[in-house]
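I have placed the structure first, in the form of structure tokens, so that the comments after it can refer back to it.
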Amino acid sequence: MKKISLTLSILLCFTLLSACGGGGDEASASVFYYTYSDPYISTVRSALDRELDSSGITYQDYDSNGSQTTQSEQVQTAITKGTGLLVVNIVETGSDDAAMKIVAEARAEDIPVVFFNREVSDNIVASYEKCAFVGTDAAEAGHMQGEMIGKYLLENFDTVDLNGDGKISYVLFKGQDGNAEAEYRTRYAVEDANKILRDGGKSELVFYNSSNRDGYLVDKNGTWSASAANEYMTTILTEYTENNNNMVEMVICNNDGMAEGAITALNTAGYNRGSGKTIPVFGVDATEAAVELIRAGKMTGTIKQDAEGMAKAIAHLADNVKNGRDLMDGTEIYTIDKNVSKIRIHYDIYTGK
């Protein structure tokens, strides 16, 4: 009877371990990316994988493929399996609902949460002592892009002004409505460039289509995609041309992926091939592809979003969790917001010079 009881006890133990995700099979960190297809996010993923590997932290990556429903289900699965840390590149940035739900589920199991890149509100982070955010100052990229554009135009105004009307006609491709990074980049890239132009005695930028009151074209799928910018630019170039004396004279993009798409369309129309006429194109992220385009003379400039720096900061927090330290232990080396656990990774202007 004792032997049978022992056997039943072992079986019951294994059953409970299986149900609770025990047995040591689950990664100690679960990393959720809003989509693998985003060029910048792909760079962060590669850098973070390297950092976690070098720190001896086991992990599992998840591709949410632009779906908050998918991501929320993935988070629930990881929690059920016994993950020790949630690292979340949230899909839904238009409201706090999805992020708040993830925090509530993590808190119930005493699991730390690190949001990154796509910002969540201060209220979300402050609601749980084991929650932090690693990302940029959303407005900083817009201000830097506006500064870069304004200074470039003051130095090259007559060359950029193809029809000689004393104004620069532009198109702006916005990655997503409601996303903080997209909103600030869209606003300040134009506002700050206009201030520099005014101070330099030049006319403000003019959106190429006077009937568009927004002053931008948005990726309707909210994925900041090269294909969206390419489709828009291809359509624009059928009507707005040098022959019609209304050519789009500059392209501003919320990210480098959209810049790539716009450049592909310009290439097809005979522009931005590394020699000959080039329409200035500006992006954000400094992806490897964008850096190569700038070096080749096909793209004008970008704002470097430090993927490696972001990955190192996330890995630092993951290492704290692994070793039983407070989540924010040793983060004094970073810029941190007042009264909330938000670590800021700074941008830089990149023009290849």
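Miscellaneous remarks
- Estimated dipole of the chain in Debye, rounded to 20 [Cβ of Lys and Arg +1, of Asp and Glu -1, Cα centre]: 420 debye
- Proximal charge balance of GLU129 [Cβ under 10 Å; K/R count +1, D/E count -1]: +1
- Only the Cβ atoms of Lys and Arg (+1) and of Asp and Glu (-1) were treated as charged; on that basis the dipole of the stretch 254-297 about its Cα centre amounts to roughly 300 debye.
- Build a GNM of the chain with springs between Cα atoms under 10 Å apart, and of ASN230, ASN156, ASN246 the one that fluctuates most is ASN156.
- Residue exposure sequence - ILE343, ILE303 - by fewest surrounding Cβ within 10 Å: ILE343, ILE303
- Here the peptides 344-350, 269-275 are ranked by packing, the mean other Cβ count within 10 Å, and the order with the highest first is 344-350, 269-275.
- Bridges between two residues of the chain, per DSSP, are antiparallel at a rate of about 15%.
- In terms of overall dimensions, the stretch 113-220 has a Cα radius of gyration and Dmax of 17.4, 58 angstrom.
- Where labels lie 7 Å past Cα in the beta-carbon direction, separation of GLU308 and ARG50 in nm: 0.6 nm
- Leading residue at positive end of dipole, the stretch 182-242 (Cβ point charges), from ILE236, TRP224, ASN194: ASN194
- Helix-only [θ]222 nm of the chain, DSSP H runs n ≥ 4, -39500 (n - 2.57) each, per residue, nearest 500: -14500 deg cm²/dmol
- The spacing between the stretch 233-268 and the stretch 134-153, judged by their C-alpha centroids, is 21 Å.
- Screening the chain for whole DSSP H helices of 24 Å or more along their axis (Cα) with average Kyte-Doolittle hydropathy at least 0.5 returns 2-20.
- Amide H contacts under 5 Å for PHE116, placed H, 5+ residues apart: VAL88, ASN89, ILE90, VAL134
- The stretch 139-305 gives an Rg/Rh value of 0.92, both radii derived from C-alpha positions and Rh following Kirkwood.
- Using the alpha carbons alone, the radius of gyration of the stretch 77-171 stands to its Kirkwood radius in an Rg to Rh ratio of 1.30.
- Across the stretch 240-280, the relative contact order, built from alpha-carbon pairs under 8 Å that are at least six residues apart, equals 33 percent.
- Looking at the chain, the pairs of alpha carbons with a distance over 31 Å make up 40% of the total.
- Using C-alpha pairs below 8 Å separated by at least 6 residues, the relative contact order for the chain is 18 percent.
- Charge dipole (Cα centre; +1 on Lys/Arg Cβ, -1 on Asp/Glu Cβ; no other charges) of the stretch 139-305 amounts to roughly 160 debye.
We did not get these values from a lab; they are worked out from the coordinates using the rules stated. This structure is a prediction, so every number in the text was calculated from the model and none was measured. Every residue, glycine among them, receives a Cβ derived from its backbone with ideal geometry; neighbour counts consider all protein chains shown.
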